[in-house]
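Please treat every number below as a calculation from the coordinates, not as lab data. Computed from a prediction, not measured in an experiment: that's the story for all the values here. Please note: Cβ atoms are built from the backbone with ideal geometry, for glycine as well, and neighbour counts cover all protein chains shown.
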Amino acid sequence: MSRRIELGFEGGGVLLLTVEDDHVTVLRSALGGSGFHDVPSEEGDHLVDLAKVIYLRVLPGEVTGRIGFSGA
């Protein structure tokens, strides 16, 4: 199941990603550590500096589809 998450960073930046549930669990356990952590998502792979992460927000519900325009 895919979930939407927000990663908040020192300085005010926010990264909104769509990740699999198991990646949320792995990221949660890595927070508070140091160094970089790979976060694979539908939007691409992100290498995140754990020391700069201020919060992780897991948005409610699963992502079943997207609303918007499709390429034709």
**Prompt:** For segment 46-59, what does the Karplus curve 6.51 cos²θ - 1.76 cosθ + 1.60, with θ = phi - 60°, yield as ³J(HN,Hα) per residue in whole Hz, taken in order and with x for Gly and Pro?
**Reply:** 10, 9, 10, 7, 4, 5, 9, 7, 9, 8, 10, 10, 9, 6
**Fill in**
Plugging the Cβ-Cβ distance of Arg57 and Phe36 into 1/(1 + (r/R0)^6) at R0 = 22 Å yields, to the nearest 0.05, a FRET efficiency of 0.60
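What Kirkwood Rh does the chain have if only Cα atoms enter the pairwise 1/r average? Answer in Å.
12.9
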**Asked** Using 19 Å as the cut-off for backbone N distance, which residues of segment 20-35 belong to the label zone defined by a point 7 Å from the Cα of Ser2 along Cα→Cβ?
**Response** 20-27
**Message:** On C-alpha positions alone, give me the angle between the axis of helix 21-30 and the longest principal axis of the chain, in degrees, nearest 10.
**Reply:** 10
**Complete:** Val26 neighbourhood, Cβ < 13 Å, K/R = +1, D/E = -1, net charge -2
**Request:** Report the local net charge at Phe9: Lys and Arg +1, Asp and Glu -1, summed over other residues whose C-beta lies under 9 Å from its C-beta.
**Result:** -1
**Request:** Quickly estimate the mean residue ellipticity at 222 nm for the chain, helices only: each DSSP H run with n ≥ 4 gives -39500 (n - 2.57), and the total goes over all residues, rounded to 500.
**Result:** -4000 deg cm²/dmol
